[in-house]
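What follows is a set of notes on a single structure, which appears directly below.
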């Protein structure tokens, strides 16, 4: 029997309600001597939502409180702000891909899109709430400026949200 035939493959199993990769540990002869469990984080669960909220707040708070952002949102054209939003989605998507789905995207395409969309959407909500609380989100008088402020602050907020989602 060749060494290649002895080597067991990585499997995915649900243990304690969570998905794990079960990685076989083999000896020099290729025989399985043990298994290592690694979290397989393709599902977006309640704890992930909480981590995204906290992560988005980490950078939303200092950025949203700066007058530079308030001024920039009034001066920067909407197309530039939408471009910034697109770049933010791209960065979050790349980060999520390389940290969660690199080897498993084919089977988990929907979960990948869901994680990227929810990370960005939750970041937008956190930023909108924060700006509304500090009365820097003028929806009634200047809705475009309010939208631009949210999108500008969501750029760093979504990045920190994605990073904190990796922590387990």
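The values are calculated or read from the model by the stated rules, or taken from the named source; none is laboratory data. If you're wondering where the values come from, they're calculated on a predicted model, not measured in any experiment. As a convention, Cβ positions derive from the backbone with ideal geometry for all residues, glycine included, and neighbour counts pool all protein chains shown.
Listing for the model above:
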read-out: Single condition residue 9 does not satisfy, out of (1) more than 25 Å from the chain's Cα centre (by Cα); (2) within 17 Å of residue 126 (Cα to Cα); value: (2)
read-out: Residues that are under 18 Å from residue 38 (Cα atoms), out of contact with any helix residue (DSSP H, G or I) (no Cβ under 8 Å at 6 or more places or on another chain) and in contact (Cβ under 8 Å) with a residue 12 or more places away in the chain, drawn from the range 102-115; value: 104
read-out: Members of the range 156-165 that are buried (at least 22 other Cβ atoms within 10 Å of the Cβ) and farther than 11 Å from residue 61 by Cα; value: 158, 161, 162, 165
read-out: Members of the range 23-44 that are in a loop (DSSP other than H, G, I, E, B) and surrounded by 12 or more Cβ atoms within 10 Å (Cβ to Cβ); value: 30, 31, 40, 41, 42, 43, 44
read-out: Selection from the range 135-168 of residues that are outside any helix (DSSP H, G or I) and within 30 Å of residue 18 (Cβ to Cβ); value: 167, 168
read-out: Breaking point among (1) surrounded by 15 or more Cβ atoms within 10 Å (Cβ to Cβ); (2) within 12 Å of the chain's Cα centre (by Cα); (3) modelled with pLDDT of 95 or more, for residue 90; value: (1)
read-out: Residue 99, sole failed condition from (1) in contact with a helix residue (DSSP H, G or I) (Cβ under 8 Å, 6 or more places away or on another chain); (2) modelled with pLDDT of 95 or more; value: (2)
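Results for (1) closer than 20 Å to residue 119 by Cα; (2) in contact with a helix residue (DSSP H, G or I) (Cβ under 7 Å, 6 or more places away or on another chain); (3) not assigned by TED's automatic domain parsing to the domain that holds residue 157, shown as yes or no for each residue.
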position: 21; (1), (2), (3): no, no, yes
position: 25; (1), (2), (3): no, no, yes
position: 28; (1), (2), (3): no, no, yes
position: 31; (1), (2), (3): no, yes, yes
position: 52; (1), (2), (3): yes, yes, no
position: 55; (1), (2), (3): yes, yes, no
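Matching residues to (1) within 30 Å of residue 131 (Cβ to Cβ); (2) free of Cβ contacts under 8 Å to residues at least 40 places away in the same chain:
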position: 10; (1), (2): no, yes
position: 17; (1), (2): no, yes
position: 32; (1), (2): no, yes
position: 38; (1), (2): no, yes
position: 59; (1), (2): yes, no
position: 67; (1), (2): yes, yes
position: 71; (1), (2): yes, yes
position: 82; (1), (2): yes, no
